[in-house]
Amino acid sequence: MNLKVYWDNGVIVKHKDLTLCFDPQTSKISHKHVLISHAHQDHTAGLNAWNPLKYLTNPTLKIFKAYTGRKPVKVVEVNYGEEFKIEDCRIKVHNSGHILGSAAFQVDTSEGVIAYTGDLNYTDTIITLAASPIDCDILIVESTYGNGFIFPPREEIYKSMVKWVVEKIHEGKIPVFYAYPIGKAQEIVKMLNVFLNVDVIVHPVIAKINRVYELLGIKLKAIPGYLSPKHHGCVVVYPFSMFRTSQVKNEASALVTGWALNFKQRKGFPLSSHGDFRQILEFIRECKPRKVYTCFGFALQLAYQVKRKLGINAEPLHT
């Protein structure tokens, strides 16, 4: 068989003499073709490599440049719905639903169709649309919440976040959300803009990403900078890295992450840019693959559940 899927500091799909490397975890890459699914740091190491061609969407490129200040070389921009060829493989770009510009890749070969999801969200958010299933023979799927996490409906999470903000402001406190600066922070800002008439202050790093979103047609109303005494009755959105160090007076803090389902001692909201366990299984079922490879997260656990619940041959690419 001339088709192989394996892990080598990233997801490798090898067809005959062609090797495609998806989301490499290092910039030391010997492969000629690298496909980047989205702009989060744990998926963009390949953009720092010099030699390979790098395929990614325009929003992913813009966010990476805004966040890092670096301009990658040998970049090939691709768009949702676009098809392009690399040697004898035809590749189609799909929305993965994770953050703005996040992409899944469908690779058509003479020996079958392979789909790589990157990070995946299978539900609509206030900014992004859910991923759509990809008919394929082999599915390579992320497993961040392959451990069985199931989230409340997104509308309920939004409602509880808004309710918490109103309560804290009435108590004379400053609500501060701590979140990933790319994707999650923008969703929080948009949610606050839609449901509350309140000033939103964002960290300068988040403001840089907000500007990219606005250039791409997503309006976000926020004040860049740090909280000052003149701000009253406002909400703050800061990166996770500032948790416990921000020194906001009268702060009421909350972490915004899917892992908040596990929180007992601290306030959190389980808003995630990833699909939960039930959504991942539903996505796999709808793709109708004959083989599933799991990666990035609880890969072993998800592979086991795919075999047990769906009856599909599955194995982790790495554990």
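The values are calculated or read from the model by the stated rules, or taken from the named source; none is laboratory data. None of these values were measured; they are calculated from a predicted model. Here Cβ is always computed from backbone atoms with ideal geometry, including for glycine, and neighbour counts include all displayed protein chains.
Does the stretch 260-283 contain at least one residue that is hydroxyl-bearing (Ser, Thr, Tyr) and either under 21 Å from VAL162 (Cβ atoms) or not assigned by TED's automatic domain parsing to the domain that holds HIS40 (or both)? Yes; the residues of the stretch 260-283 include at least one that is hydroxyl-bearing (Ser, Thr, Tyr) and either under 21 Å from VAL162 (Cβ atoms) or not assigned by TED's automatic domain parsing to the domain that holds HIS40 (or both). Return the residue satisfying two criteria in turn: it lies in the stretch 1-49 and is of a type in the set (Lys, Arg) and part of a strand (DSSP E or B), and of such residues it is surrounded by the fewest Cβ atoms within 10 Å (Cβ to Cβ). My answer is LYS4. In summary, SER228 fulfils each of the numbered conditions (1) at pLDDT 95 or above; (2) among the small types (Gly, Ala, Ser); (3) in the same structural domain as ASP199 (by TED's automatic domain parsing) with the single exception of condition (1). For the stretch 129-187, a residue qualifies if it is in a loop (DSSP other than H, G, I, E, B), of a type in the set (Ser, Thr, Tyr) and assigned by TED's automatic domain parsing to the domain that holds HIS232, and exactly one does: TYR180. Scanning the stretch 264-319 for residues that are surrounded by fewer than 16 Cβ atoms within 10 Å (Cβ to Cβ) and among the hydroxyl-bearing types (Ser, Thr, Tyr) yields one hit, THR319. Residue selection: LYS65 fails the criterion of being over 23 Å from GLY146 (Cβ atoms), in contact with a strand residue (DSSP E or B) (Cβ under 7 Å, 6 or more places away or on another chain) and in the same structural domain as VAL292 (by TED's automatic domain parsing). Candidates ARG278, ARG266: the one that is outside any strand (DSSP E or B) and out of contact with any Ser or Thr (no Cβ under 9 Å at 6 or more places or on another chain) is ARG278. All conditions but one from (1) touching a residue at least 60 places away in the same chain (Cβ under 8 Å); (2) closer than 24 Å to ASP42 by Cα apply to ASP88; the one that does not is (2).
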